[in-house]
Amino acid sequence: MTTLTLYDLAAPHALRSETTDAAEIATRLAPLGITFERWAASVALPEDATDADVIAAYRGDIDRLMAAGGYRSCDVIRLLPDNPARETLRTKFLDEHVHAEDEVRFFVEGSGVFYIRGDDAVYALECTRDDLIAVPEGTRHWFDMGPAPRFTAIRLFAEPDGWVARFTGDTIARGVPLYAGAA
């Protein structure tokens, strides 16, 4: 279930509030410039689906998003619990970073948490199937897929190079609770 949890900015990053209401989540994220929408991930993907299969299944949604946002490329990130590189990949996303372009993700299965640093709190958004999130360029954030990742997300990019992060060097991500994974 999609959940937005707010933590204090100051250590020990105490829990401030939590909601699962999609409209409230969108309203709380809007002042940060973050787009949050619930879409319909209408295609059940087989375990052996390739990236090309995922893109083909959601071509209509991808084309609409690309046209609306001026995005020029897309790819698929799909991680399952048996991926031998899961710990390395998890660690790659766990440090606070920014991008020179928007970070757009449409979750078509599974879950993961985007942590966004706001002026007043750390916003932890557990994204699940049907969630679309767009984090504006320059927004401080990090992502956790949990110790046994299970998610598929379509990623859209303005630049053909795709995902390029500039790490802030701040250790805030070390103090906020990690994602244990979907229940």
Taking the criterion of being small (Gly, Ala, Ser), more than 22 Å from residue 44 (Cβ to Cβ) and out of contact with any strand residue (DSSP E or B) (no Cβ under 6 Å at 6 or more places or on another chain), would at least one residue in the stretch 163-177 satisfy it? yes
Given the conditions (1) more than 15 Å from the chain's Cα centre (by Cα); (2) hydrophobic (A, V, I, L, M, F, W, C); (3) under 27 Å from residue 9 (Cβ atoms), report the number of the one that residue 143 does not fulfil. (1)
So which residues in the stretch 1-49 are polar (S, T, N, Q) and farther than 16 Å from residue 108 by Cβ? 3, 5, 17, 19, 20, 27, 35
Filtered residue count, the stretch 146-171, keeping only those that are small (Gly, Ala, Ser) and farther than 16 Å from residue 135 by Cα: 3
I'm told residue 150 meets every condition in (1) buried (at least 20 other Cβ atoms within 10 Å of the Cβ); (2) basic (Lys, Arg); (3) closer than 30 Å to residue 53 by Cα except one. Can you identify the failing condition by its number? (1)
When residues of the stretch 146-173 are limited to those that are hydrophobic (A, V, I, L, M, F, W, C) and under 24 Å from residue 60 (Cα atoms), the one farthest from the chain's Cα centre (by Cα): 158
Mind checking whether some residue in the stretch 14-36 is hydrophobic (A, V, I, L, M, F, W, C) and touching a helix residue (DSSP H, G or I) at 6+ places or on another chain (Cβ under 6 Å)? yes
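Values in this text are rule-based calculations from the coordinates and carry no lab data. Computed from a predicted model, the values in this text were never measured in an experiment. Methodologically, a virtual Cβ is constructed for each residue, glycine included, from the backbone with ideal geometry; neighbour enumeration extends over all protein chains shown.
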